[in-house]
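K.L.:
Could you have a look at this structure, given as C-alpha cells, before my questions?
The values are calculated or read from the model by the stated rules, or taken from the named source; none is laboratory data. All values reported here derive from a predicted model rather than from experimental measurement. Positions of Cβ are generated from backbone atoms using ideal geometry, with glycine treated the same way; all protein chains shown enter the neighbour counts. Heads up: the accessible areas ignore ligands, DNA and RNA and are worked out on the full protein's heavy atoms, side chains in. Shrake-Rupley method; radii C 1.70, N 1.55, O 1.52, S 1.80 Å.
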Amino acid sequence: MAEIYNYHLDLDRSSLRTEIKEELRILFGKNILKPISKSRRTISNNGLQTQRLRSLNITAMLDLLDREGGFKLVKVERLRQKHIDFLVKYWVGKGLSRGTIENKLSYLGALLVWINKPGLKCTALQVPEVKKLPTRTWITEKDKTWESANIDIGEIITRISGDEPNVGLQLLLQLHFGLREMQSYVTLLELTESYLSIFF
C-alpha cells in the first residue's frame, strides 16, 4: 500500500478558515497520491516528497490569498483567474526566479485539475509576467567537478563517516551508483533491513 503524507499537519498549522481546511482535506484525501503529468512513463503513485510539496504549497497559496490578497474565499472551487494573477504578481514582486514560480504554478495546476478548472491560465507560457522572466539554463559555463576544484571526495567521505557513519554510507552509495539523496537513504534502509533479517 502506498505511503500517504500527513497533510493534516500542514492544514492544522495554517491560518485558513475551517471550511477551506475541510475542503482541502477531502481534495488531498482523494488526489494527493495521483500524478498529474501526462508525460510520466509509469502509473505509480506520487512519492512522499511530491505529496509533501503539493500539500505545503497549495496550503500556503490559499493562505497567501487570504492574508496578502484580501480574498476571502469561501470555497476552494471558487478559485478564479484573478487569484492566479494575484499570486503570480506577488511572486514576481518578491523577486522569485522563473523556475521557482513555475514549480508553484505546477502545484496550483494540480489543484485546478482537482477542482475541475484546468482551463485557467496557470503555466509559465500562459502568464506574461512569468514568460518575460529569464529562463533557466541547463548548460554550465564552467567546470564544476570535484577534480577541477581539487576536492578529495574520498577524504571528505572518510571524515564524515567518522562522525556520521550512516551519512558516510549514503554518500558512498551516491558516489558509486549515482543515487540521489532520498534514493541513497531508502537503499541504506533496505540494505540494513536485509542484513538484520539474516541474523535475527
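K.L.:
Please list, ordered by first then second residue, the pairs with beta carbon atoms under 8 Å, 6 or more apart or interchain, first in the stretch 178-195 and free of Cβ contacts under 8 Å to residues at least 12 places away in the same chain, second among the β-branched types (Val, Ile, Thr).
P.N.:
From the stretch 178-195, the pairs are 179/187.
K.L.:
Considering only the stretch 1-31, state which residues are acidic (Asp, Glu) and touching a residue at least 24 places away in the same chain (Cβ under 8 Å).
P.N.:
The answer is 3, 10, 19, 23.
K.L.:
Looking at the stretch 113-131 only, could you name the residues that are touching a Leu at 6+ places or on another chain (Cβ under 6 Å) and touching a residue at least 24 places away in the same chain (Cβ under 8 Å)?
P.N.:
Once the filter is applied, which keeps residues that are touching a Leu at 6+ places or on another chain (Cβ under 6 Å) and touching a residue at least 24 places away in the same chain (Cβ under 8 Å), the stretch 113-131 yields 114, 120, 122.
K.L.:
Sort out which residues of the stretch 165-192 are loosely packed, with under 14 Cβ neighbours inside 10 Å and part of a loop (DSSP other than H, G, I, E, B), and write them in order of number.
P.N.:
Within the stretch 165-192, 178, 180 qualify.
K.L.:
Oh, and also: Would the stretch 14-36 turn up any residue that is modelled with pLDDT under 90 and within 16 Å of residue 122 (Cβ to Cβ)?
P.N.:
Yes, the conditions are met somewhere in the stretch 14-36.
K.L.:
Taking the condition of being assigned to a helix (DSSP H, G or I), of a type in the set (Val, Ile, Thr) and farther than 13 Å from residue 58 by Cα, how many residues in the stretch 74-93 meet it?
P.N.:
Counting residues in the stretch 74-93 that are assigned to a helix (DSSP H, G or I), of a type in the set (Val, Ile, Thr) and farther than 13 Å from residue 58 by Cα gives 2.
K.L.:
Answer yes or no: is there a residue in the stretch 72-90 that is of a type in the set (Asp, Glu) and open to solvent by 40 Å² or more (accessible area, probe 1.4 Å).
P.N.:
yes
K.L.:
Just one of the numbered conditions (1) part of a helix (DSSP H, G or I); (2) of a type in the set (A, V, I, L, M); (3) open to solvent by 40 Å² or more (accessible area, probe 1.4 Å) is not true of residue 96; which one?
P.N.:
For residue 96, the failing item is (1).
K.L.:
May I ask you to say which residue of 26, 36, 4 is open to solvent by 20 Å² or more (accessible area, probe 1.4 Å), of a type in the set (Val, Ile, Thr), more than 26 Å from residue 99 (Cβ to Cβ) and under 18 Å from the mean Cα position of the chain (by Cα)?
P.N.:
4
K.L.:
Look through the stretch 99-114, keep the residues that are over 15 Å from residue 59 (Cβ atoms) and of a type in the set (A, V, I, L, M), and return whichever of them is most open to solvent (accessible area, probe 1.4 Å).
P.N.:
113
Let's see how each residue does on (1) under 30 Å from residue 182 (Cα atoms); (2) free of Cβ contacts under 8 Å to residues at least 24 places away in the same chain; (3) in contact with a strand residue (DSSP E or B) (Cβ under 9 Å, 6 or more places away or on another chain):
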position: 34; (1), (2), (3): yes, yes, no
position: 49; (1), (2), (3): yes, no, no
position: 52; (1), (2), (3): yes, no, no
position: 61; (1), (2), (3): yes, no, no
position: 79; (1), (2), (3): no, no, no
position: 86; (1), (2), (3): no, yes, no
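K.L.:
Now for a separate question. Any idea which residue in the stretch 117-152 is nearest to residue 100 (Cα to Cα), counting only those that are of a type in the set (Val, Ile, Thr) and exposed (fewer than 13 other Cβ atoms within 10 Å of the Cβ)?
P.N.:
Filtering the stretch 117-152 for residues that are of a type in the set (Val, Ile, Thr) and exposed (fewer than 13 other Cβ atoms within 10 Å of the Cβ), the one nearest to residue 100 (Cα to Cα) comes out as 135.
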